[in-house]
Amino acid sequence: MSNNNDITTNVLTEPGKWVAQYADYLYTYAYTRINDEDLAKDLVQETFLAALEKLDQFKGNSSERTWLTAILKNKVIDVYRKKSSAFAKKTDVVEAEQEQQDFFDHDDGHWNVEHRPKAFGIEEQDPLTNKEFNYILQKCLQKLPALWLSVFTMKHMDDQTTDVICEELRVSPSNFWVIIHRTKLNLRACLQKNWI
């Protein structure tokens, strides 16, 4: 007589269909977070291999896609960690505060007139315009330092909390906020230069 867990696992998982069913989704997930086609492909392959090795641990509490995405997410975070540890220069809080003085009024914290954000023109629902904007946004994201991209992606694409990001990437909370601030300023400048 076989173990009931083995039967459930065999019924719930179909590794032979993973590539056809999930490869495109997993690739897109990885690529939008690391902006490297070859690395994204490698991570998807590593995800499938890790899932095969841990197949007996899959209990069916989530869908196969959710389970595979969780494995991939951990692999993406490993890439973030590796890239962020290679980021030699530590972010300087004082320097970032000085940069803020150029953009924001010291008394009320509002944008200085010359640095106020301009409308991006994506308020319309034109799919072609949004596609072009997303293309430019991806190009701007690619220009960010690895650590900045990692922090920004985890915060604004994966909706991770500040505590989780700081722990996963081993950055201090003050460095986290400096990185977020600099990333937003850089993205804004890049988008204004290339989109508006």
Would you confirm whether any residue within the stretch 181-189 is farther than 19 Å from ASN35 by Cβ, exposed (fewer than 12 other Cβ atoms within 10 Å of the Cβ) and either outside the structural domain of TYR29 (by TED's automatic domain parsing) or among the polar types (S, T, N, Q) (or both)? no
Pairs where the first residue, in the stretch 44-56, is in contact (Cβ under 8 Å) with a residue 40 or more places away in the chain and the second is polar (S, T, N, Q), C-beta under 6 Å, 6+ apart: none
Which members of the stretch 160-180 meet the condition of being of a type in the set (D, E, K, R) and either modelled with pLDDT under 90 or surrounded by 20 or more Cβ atoms within 10 Å (Cβ to Cβ) (or both)? GLU167, GLU168, ARG170
Which condition number in (1) outside any helix (DSSP H, G or I); (2) modelled with pLDDT of 85 or more; (3) of a type outside the set (Lys, Arg) is the one that ASN186 fails? (1)
Considering the stretch 16-68, residues that are of a type in the set (S, T, N, Q) and closer than 29 Å to PHE152 by Cβ, and then whichever is nearest to the chain's Cα centre (by Cα), we arrive at THR32
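The values are calculated or read from the model by the stated rules, or taken from the named source; none is laboratory data. This one's a predicted model, so the numbers in the text were calculated from it and none came from an experiment. Here Cβ is always computed from backbone atoms with ideal geometry, including for glycine, and neighbour counts include all displayed protein chains.
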